[in-house]
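The values are calculated or read from the model by the stated rules, or taken from the named source; none is laboratory data. Worth saying up front: this structure is predicted, and the values here are computed from it rather than measured. Don't worry about glycine lacking a Cβ; one is built from the backbone with ideal geometry, like all the others, and counts go over all protein chains shown. When the accessible area is computed, the model is the full protein with side chains, heavy atoms only, and any ligands, DNA or RNA have been set aside. Shrake-Rupley method; radii C 1.70, N 1.55, O 1.52, S 1.80 Å.
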Amino acid sequence: MTQKRDYYEVLDVSRSADGNEVKKAYRKLAIKYHPDKNPGNKEAEEKFKEATEAYEVLSHPEKRSRYNQFGHAGMEGSVGNYGGFGVNLDDIFGDVFGDLLGGFRESHRSPKRGRSLQYNLDVTLEDVIHGKEVTLEVPRIESCPTCEGSGAKKGSRVQSCPECYGRGQVTQSQGFFTMSRTCPRCRGEGEIITEPCQACDGQGLIRVKRDIPLTIDKGVETGFKYQLRGEGEAGTNGAPPGDLFVVVNVVPHERFRRERNDLVTSARISFVQATLGGKIKVEGIDGTEELRIPAGTQYGAQLRIPGKGVPHYKRSAAGDLVVSIEIETPRHLTQTQRKKLEEFAESLGEASQTEHGGFWDKLFRHNDSADEGTA
């Protein structure tokens with residue numbers, strides 16, 4: 001009979017090694033020599049059994065104390081195949097590999113939270129200025145109302161799996177140790193459906209479209225995200241549903257550009273209005289607004305109408321309507337008009353010849369540039 005090796009030597013740990021060191025050493029050997037990784041390899045199988053037996057003793061304070069005092073003789077009838085006692089690898093693997101195998105050992109029928117969904121919503125500039133009530137049509141998975149999520153035909157019942165007796169796992173014996181695997185018949189569910197629900201094909205879940213109301217708040221911007229709790233897909237086995245995330249996209253406007261909470265637009269005024277000042281009508285997002293033009297306004301000046309922009313989110317205040325000024329120069333002058341403008345230019349000490357870069361050149365420069373840009 002082959003003499004057993006010292007358990008500390010088997011795991012390659014010192015006699016003062018603590019529980020974590022013992023567990024770490026065994027995990028390394030178990031992964032290396034596991035029969036599933038070494039099919040048909042008798043030497044690996046023996047090393048796996050040897051390491052498992054050593055771990056069973058050294059991880060148990062009472063057994064370890066007895067082993068330290070009496071050696072292998074003190075273990076007879078307690079471990080391995082001594083006295084016919086078997087080693088339950090489920091218990092050992094649950095302790096050593098619990099963090100690695102937990103997901104695989106969990107039943108498929110464990111409660112699982114529903115999946116969250118995302119909905120991309122296009123809104124107009126007017127929507128975020130005034131606020132709006134909308135209805136979203138959201139496709140999602142829900143619990144089947146016909147079978148109430150059981151997957152079984154109405155009037156029938158879900159039955160306990162006869163293969164694993166409802167445990168979801170079957171036990172196999174290999175020599176002196178036993179191992180549990182997922183039941184192949186119920187696939188770990190622990191239950192089987194003999195008469196599936198026709199409405200959901202035995203899945204317990206169906207795909208539907210739901211109308212979900214949502215209030216678009218004033219002042220929201222592109223990228224703003226609403227979280228509607230519980231409006232995602234259904235959970236399984238009593239778990240809560242997921243959430244619905246609605247992401248806002250503000251569609252660009254044809255006449256206005258948004259800059260934070262300001263609305264930017266443009267307006268053309270005459271040379272006389274720019275010089276002498278006055279009042280003009282400007283088209284705002286909610287209708288016509290009156291804008292005062294100060295005397296001496298220059299091309300490109302930005303004038304503001306307070307409070308006529310986009311409302312601040314969750315506040316009563318709003319940004320401004322910003323009007324970028326363009327000066328429209330006259331193109332078709334009568335002789336009298338031209339003479340008066342030339343006299344005006346001379347009074348400013350400027351030459352009237354455009355080819356010399358005088359008054360007329362400055363007067364028409366912006367207008368010509370604008371026309372070339374739109375040609």
Going by the conditions given, is Thr171 under 30 Å from Val246 (Cα atoms) and at pLDDT 55 or above? no
Restricting to region 299-324, give me the number of residues that are in contact (Cβ under 8 Å) with a residue 12 or more places away in the chain, part of a loop (DSSP other than H, G, I, E, B), more than 21 Å from Ser270 (Cβ to Cβ) and open to solvent by 30 Å² or more (accessible area, probe 1.4 Å). 8
Can you find a residue that is surrounded by fewer than 18 Cβ atoms within 10 Å (Cβ to Cβ), modelled with pLDDT under 85 and either assigned to a strand (DSSP E or B) or of a type in the set (A, V, I, L, M) (or both) anywhere in region 146-154? no
What's the total number of residues in region 32-44 that are surrounded by 13 or more Cβ atoms within 10 Å (Cβ to Cβ) and either free of Cβ contacts under 8 Å to residues at least 40 places away in the same chain or of a type in the set (Gly, Ala, Ser) (or both)? 6
Exactly one condition in (1) farther than 25 Å from Pro330 by Cβ; (2) outside any strand (DSSP E or B) is false for Thr275; which is it? (1)
Criterion: modelled with pLDDT under 90, closer than 30 Å to Arg210 by Cβ and either open to solvent by 60 Å² or more (accessible area, probe 1.4 Å) or not aliphatic (A, V, I, L, M) (or both) - qualifying residue of Thr329, Thr236: Thr236
I'd like to know if region 336-350 contains one or more residues that are modelled with pLDDT of 90 or more and either loosely packed, with under 11 Cβ neighbours inside 10 Å or in a strand (DSSP E or B) (or both). yes
When you go through (1) in contact (Cβ under 8 Å) with a residue 12 or more places away in the chain; (2) out of contact with any strand residue (DSSP E or B) (no Cβ under 9 Å at 6 or more places or on another chain); (3) assigned to a helix (DSSP H, G or I) one by one for Lys49, which number turns out not to apply? (2)
Residues (under 17 Å from Ser143 (Cα atoms) and crowded, with 19+ Cβ neighbours inside 10 Å) located in region 178-201: Ile193, Cys197, Cys200
May I ask you to list the residues in region 61-70 that are free of Cβ contacts under 8 Å to residues at least 40 places away in the same chain and surrounded by fewer than 16 Cβ atoms within 10 Å (Cβ to Cβ)? Pro61, Glu62, Ser65, Gln69, Phe70
When you scan region 1-47, how many residues do you find that are over 27 Å from Arg66 (Cα atoms) and β-branched (Val, Ile, Thr)? 1
On the basis of being at pLDDT 85 or above, hydrophobic (A, V, I, L, M, F, W, C) and farther than 23 Å from Gln3 by Cα, does Ala25 make the cut? no
If we scan region 124-139, do we find a residue that is surrounded by 14 or more Cβ atoms within 10 Å (Cβ to Cβ), over 20 Å from Pro241 (Cβ atoms) and within 25 Å of the chain's Cα centre (by Cα)? yes
Give me a count of the residues in region 239-255 that are at pLDDT 95 or above and either among the aromatic types (Phe, Trp, Tyr) or more than 25 Å from Gln118 (Cβ to Cβ) (or both). 1
Residue by residue through region 224-233, note down the ones that are open to solvent by less than 50 Å² (accessible area, probe 1.4 Å) and modelled with pLDDT of 95 or more. Tyr226, Leu228
Condition set among the acidic types (Asp, Glu) and more than 18 Å from the chain's Cα centre (by Cα), scope region 209-264, selection farthest from Pro306 (Cα to Cα): answer is Asp211
Verdict on Gln159 being open to solvent by less than 70 Å² (accessible area, probe 1.4 Å), more than 31 Å from the chain's Cα centre (by Cα) and farther than 30 Å from Glu133 by Cα: no
